[in-house]
Each structure stands twice: as C-alpha cells, then as structure tokens.
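A.B. asks: Below you'll find the structure I mean.
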Amino acid sequence: MGHQKSEIDRDEVRKIIKALKVEREKFESGDGNTFDLQQNGNITMRDLGTYPAGQVLSASTSAAYTQISGQYQAFLSSYDKMIAALERMVANHDEKEQTNSTAVYGVISGSDPKAGRRDTPKWGGS
C-alpha cells in the first residue's frame with residue numbers, strides 16, 4: 001500500500017464518540033429500552049386470551065417480536081461496534097503521534113543515534 005497518510009481531527013472524533021454514547025444510553029432508559037422490549041414486547045396468548053383469534057394473533061405477534069427483537073439487538077451491537085471502532089481509530093492516531101514525538105525527541109536529543117532507518121546499511125549506515 002505504500003505511504004498512505006492518515007489524518008483525522010481527533011478532537012472532533014472524540015466529540016462524535018461522546019454524542020454517540022449519549023444517544024446509546026437513551027436505548028437503555030425510558031420506554032422502548034432493551035428491558036422494556038424484553039418484558040413487554042411479546043404479546044402472548046396469556047395477554048390475548050385462549051380463543052381462536054387470540055391464538056392466531058399471538059402466533060403473529062410472537063413471530064414479529066422475534067424478528068424485531070433480533071433486529072434491535074443487532075442494531076445495538078452494530079452501534080456499540082461503531083463506537084469501539086472510532087475509539088480505536090483515535091487511540092491508534094494518539095499512539096502514532098506519541099511514537100513519532102518520541103522518535104523526534106530521541107533524534108533531537110541525540111539519545112538514540114539509531115532512531116531512524118537511515119542508519120541501516122541500505123541507507124549507507126553501519
């Protein structure tokens with residue numbers, strides 16, 4: 001891939017991460033949260049009654065609940081993975097900057113004469 005330059009505005013990405021986490025917390029509070037969906041999202045024959053129409057409606061709502069619940073959990077999982085990926089991206093850039101700063105400091109201070117690749121035989125070094 002060569003020398004691809006990768007730059008991001010880490011402060012802006014951190015703001016985005018913070019906003020995403022605030023929004024993510026909303027899925028765990030109030031009506032429609034994960035617990036609410038698990039406790040109240042599945043309407044069964046117990047709720048509808050044991051007459052024929054109730055049985056048919058219960059089968060339909062159970063199938064819908066299974067589909068919605070699975071999709072909801074998949075959405076939350078993807079949302080969490082997106083936040084984690086953004087956090088890793090910022091951490092990787094922070095680490096890269098720290099590594100570069102350390103290398104530059106070593107060269108400037110003379111504490112590490114072999115800090116760069118130019119000191120290899122390929123570059124005429126020893």
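The values are calculated or read from the model by the stated rules, or taken from the named source; none is laboratory data. Owing to the predicted nature of the structure, the values given are computational and were not obtained by experimental measurement. Virtual Cβ from ideal backbone geometry, glycine too; neighbours counted across all protein chains shown.
A.B. asks: Could you please give the count of residues in region 1-57 that are farther than 19 Å from GLN73 by Cα, modelled with pLDDT under 85 and loosely packed, with under 11 Cβ neighbours inside 10 Å?
C.D. replies: 9
A.B. asks: Is it the case that PHE75 is of a type in the set (Phe, Trp, Tyr), surrounded by 12 or more Cβ atoms within 10 Å (Cβ to Cβ) and within 23 Å of the chain's Cα centre (by Cα)? Full working, then the answer.
C.D. replies: Numbers: of a type in the set (Phe, Trp, Tyr): yes; surrounded by 12 or more Cβ atoms within 10 Å (Cβ to Cβ): no; within 23 Å of the chain's Cα centre (by Cα): yes.
Spelling it out, it is not the case that PHE75 is of a type in the set (Phe, Trp, Tyr), surrounded by 12 or more Cβ atoms within 10 Å (Cβ to Cβ) and within 23 Å of the chain's Cα centre (by Cα).
A.B. asks: Surrounded by 12 or more Cβ atoms within 10 Å (Cβ to Cβ) and under 20 Å from LYS21 (Cα atoms): is that true of MET89 in this structure? Even if it seems obvious, please write down each step before you answer.
C.D. replies: Working: surrounded by 12 or more Cβ atoms within 10 Å (Cβ to Cβ): yes; under 20 Å from LYS21 (Cα atoms): yes.
Criteria met by MET89.
A.B. asks: Please count how many residues of region 66-101 are closer than 20 Å to ILE8 by Cα and among the β-branched types (Val, Ile, Thr).
C.D. replies: The first filter runs over region 66-101 and keeps only residues closer than 20 Å to ILE8 by Cα, leaving 81-101.
Within this subset, residues satisfying the condition of being among the β-branched types (Val, Ile, Thr) are 83, 90, 99.
Number satisfying all stated conditions: 3.
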